[in-house]
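Encoded as structure tokens, the structure appears first; notes follow it.
What follows draws every value from the coordinates through simple rules; no lab data is involved. Worth saying up front: this structure is predicted, and the values here are computed from it rather than measured. Positions of Cβ are backbone-derived with ideal geometry, glycine not excepted, and every protein chain shown enters the neighbour counts.
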2 protein chains.
Amino acid sequence: MINNLDQLLELAKKQKTKTLAIAVADDKYVMSAVAKAKELGLIAPIFIGDSVKIKEIAVELGISINEIEIIHKPNGDEACAEAAKLVSEGKANLLMKGLISTSTLLKQIVSKKYGLLTGKLLSHLAIFESPNYYKLFGLSDAAMNISPSVDERLSILQNAVEVFHHLGVTKPKVAVLAAVEKINPKIPSTTDAALIVDKIKQNYISNCIVDGPLALDNAISKEAAMHKGIRGEVAGDADILIVPDINTGNILYKSLSFLGNARCAAIIVGGKVPIVLTSRADSEETKFLSIALGVLISN
Amino acid sequence: MINNLDQLLELAKKQKTKTLAIAVADDKYVMSAVAKAKELGLIAPIFIGDSVKIKEIAVELGISINEIEIIHKPNGDEACAEAAKLVSEGKANLLMKGLISTSTLLKQIVSKKYGLLTGKLLSHLAIFESPNYYKLFGLSDAAMNISPSVDERLSILQNAVEVFHHLGVTKPKVAVLAAVEKINPKIPSTTDAALIVDKIKQNYISNCIVDGPLALDNAISKEAAMHKGIRGEVAGDADILIVPDINTGNILYKSLSFLGNARCAAIIVGGKVPIVLTSRADSEETKFLSIALGVLISN
């Protein structure tokens, strides 16, 4: 079991070096994070984008590009298509979004031409290390699915559970979050959470332990759970937080990152390969740790 | 201007002592916070509830009850009604919820019998002090309005702005939060935020500066706002965060409190008097600071 992101990084280092295709790589912050991951032997990068700009940035950052493959595709759509093609041909084990909109990259990823979809829902998973919690915890979906249905949230949940299996947590504890821990028909997040928990039980899904609705404090603080008389294995000890929608997910993600001194690695899962898809606002460390997470789960 | 909750407390101490009616006071944590506020001269309490239990708790906590008014109302509904009556008769300047459900207390508060409503929407406002932000900031509504409409959120916004005027912020900067900072018809929180900002401008409301949609990071981090090229006076410098709904509000509130080492004072505003309405999970410090906030804004 991995309790913090440094341990996650150590485990990623023990994996075979993976080939990472970066779509529109000509961004200083992205290239810097990739260079660090290469230095540690995590990945062999393929930079796709404007080769002139890529070489300029490499010089600026002091990155040696002699051994690095660069594919000149100055057009954004074509760069993304090339990255998807490399994965479909088995020439890349991982994808990373560079200086391009998420929608442009996703257009290529969901294209049937490349067969990158597996039938599962694509979802965003962030793994957080908070100074105020004793172990890593996952948050999904903070960035991709806007207003997922109950069934879609079940898929989001299963995607997250699979990643935690990779992290060595055999039966991750999943909290389905809502505004309050009591089922209240006036608050759909509570009734939806109850439905999700019920479906997990009905379908005899046993690769995780699920509880909900739980308010955030009941999910991550044993003391708060005790105060409210909430029992069960998940209360106060969650590995994974499933949020109602993108508003809650994004605000929680930003709160942890900007007001909670938390470290983070984030990835899109559910496809043929993990996709490192960080935003401009994310730190270089987050980008680097996200690559490490991708390497770890790309087996 | 007040930059942290200690300064808020100091300013509250300079106010005239207020009379605080506590509905169903027989709770150790509530009584302890009230006793501390009394000791500092902030309030003169009226304990309403089971007088036998109240006296027992007073003995347990070492609180001298000789000078304290106790009204024996062992029935919860009657205790809440009594508290509302005291306010309507001008015998109490502030209300506090004790060991009773919020709905039971609110039933009495919204009753026409007592005239505690003013025509404004009642809303919950939390004032946070985060180690990662340079000034206090408000969050509304994290606990009361479940899924407020655009117009209701305008009322929530104005309630919060009025409180910040009391705190000496003459033109509070208000960020209307959403999942992302770009208006996206697929994400209603972004279009609603744009509507709210537009209505403020259309109505020439000039007691605050509003911007939105903003993601949380753009609202409270100048660096994140710069990264995204977001300008304006609010970006990175918000005094007040208006959230889309109770899910986002509650999860942000809990994230700051339980994973962000933030201190907090919270109150229901919009009624004839402020109502201190903290939850069992809140710390004694939050309860105490919330009383101080109530004292400060009850003028």
Mind checking which of A:L122, A:L157, A:S64 is farthest towards the positive end of the stretch A:49-183's charge dipole, using Cβ charges of +1 (Lys, Arg) and -1 (Asp, Glu) about the Cα centre?
A:L157
Mind putting together the pair-distance distribution for chain A? All Cα pairs, 10 Å bins, whole percent per bin, short to long.
7, 29, 34, 20, 9, 2, 0
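Take every residue in peptide A:258-267, count the Cβ atoms of other chains within 10 Å of its Cβ, and give the average of those counts. Kindly include the intermediate steps, with their values, before the conclusion.
Details: counts 13, 17, 10, 5, 3, 0, 0, 0, 0, 0.
Mean partner-chain Cβ count within 10 Å for A:258-267: 5.
If you place +1 on the Cβ of every Lys and Arg and -1 on the Cβ of every Asp and Glu, how big does the dipole about the Cα centre of the stretch B:178-223 come out, in debye to the nearest 20? All intermediate terms of the calculation are to be shown ahead of the outcome.
On the way: 5 positive and 6 negative charges, 29 e Å.
Dipole magnitude for the stretch B:178-223 comes out near 140 debye.
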If exposed means no more than 11 neighbouring beta carbons inside 10 Å and the site is in a DSSP loop, what's the longest run of chain B without any exposed chymotrypsin sites (Phe, Trp or Tyr not before Pro)?
B:1-133
Crossing angle, helix A:284-297 versus chain A [Cα axis fit, 0-90 degrees, rounded to tens]:
80
Take A:E285, B:E60, A:E82, B:E181 and order them by how many other Cβ atoms sit within 10 Å, fewest up front.
B:E60, A:E285, A:E82, B:E181
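Taking 0.36 nm per intervening residue step and subtracting the Cα-Cα distance, what contour gain separates B:S206 from B:T170 on full extension? Walk me through the intermediate numbers first.
Values: separation 36, 0.36 × 36 = 12.96 nm, distance 1.02 nm.
11.9 nm is the gain from fully extending B:S206 to B:T170.
Roughly speaking, what % of Cα-Cα pairs in the stretch B:107-181 are separated by over 18 Å, rounded to a whole number?
Cα-Cα pairs of the stretch B:107-181 separated by over 18 Å account for 49 percent.
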Report P(r) for the stretch B:204-251: all Cα-Cα distances, bin width 10 Å, range 0 to the bin holding the largest distance, values in whole percent.
26, 49, 25, 1
Globularity ratio of the stretch A:169-218, using Cα Rg and 2.2 N^0.38 Å:
1.13
Using only Cα atoms, find the angle between the long axis of helix A:51-61 and the longest principal axis of chain A, and express it within 0 to 90 degrees, rounded to the nearest 10.
70
Cβ-vector label at 7 Å, B:P74, separations to other copies in nm:
8.7
Here the relative contact order (percent) of chain B, from C-alpha pairs under 8 Å and at least 6 apart, is 23
Could you give the Stokes-Einstein D for the stretch A:132-219 in µm² per second, using the C-alpha Kirkwood radius, 20 °C, 1.002 mPa s?
160
Can you run the Rg to Rh ratio on the stretch B:1-80? Use alpha carbon positions and the Kirkwood inverse-distance Rh.
1.03
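Treating only the Cβ of Lys, Arg, Asp and Glu as charged (+1, +1, -1, -1), what charge dipole size does the stretch A:1-126 show about its Cα centre? Round to the nearest 20 debye.
Working: 17 positive and 14 negative charges, 104 e Å.
Using Cβ point charges on Lys, Arg, Asp and Glu, the stretch A:1-126 gives about 500 debye.
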Number of partner chain Cβ atoms within 10 Å, mean per residue of A:240-250
6
Using a Debye calculation, one point per C-alpha and no hydration shell, please list log10 I(q)/I(0) for the stretch A:63-193 at q = 0.09, 0.12 Å⁻¹ in order.
-0.39, -0.66
Go through the stretch B:192-207 residue by residue and turn each phi into a ³J(HN,Hα) via Karplus (6.51, -1.76, 1.60, θ = phi - 60°); whole Hz please, and just put x for glycine and proline.
4, 4, 4, 4, 4, 4, 5, 5, 4, 5, 4, 8, 6, 6, 10, 8
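Hull surface divided by four, with the convex hull built on the Cα atoms of the protein assembly as shown: how many nm²? Mind showing how you got there, number by number?
On the way: hull surface 110.3 nm².
Mean orientational projected area (the protein assembly as shown, Cα hull): 27.6 nm².
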So how far apart, in nm, are the two label points at B:E10 and A:M1 if each is 7 Å from Cα heading toward Cβ?
4.6
Let me have the 222 nm mean residue ellipticity of chain B computed from DSSP H runs of 4+ only, each contributing -39500 (n - 2.57), with the sum over all residues rounded to the nearest 500.
-12000 deg cm²/dmol
Nearest-first distances (nm) between copies at A:E39, label 7 Å from Cα via Cβ:
5.4
Net dipole in debye of the stretch B:229-299 [+1 Lys, Arg Cβ; -1 Asp, Glu Cβ; about Cα centre; nearest 20]
180
7 Å along Cα→Cβ for the label point: how many nanometres lie between B:T191 and each equivalent label in the other copies, listed shortest first?
2.3
Kirkwood Rh and Cα Rg combined as Rg/Rh, the stretch B:183-299:
1.00
Longest principal axis of chain B (C-alpha) makes with the long axis of helix B:150-166 (C-alpha) an angle, in degrees to the nearest 10, of 70
Starting at 0 and stepping by 5 Å, how many percent of the alpha carbon pairs of the stretch B:65-131 end up in each bin?
3, 14, 23, 23, 16, 9, 7, 3, 1
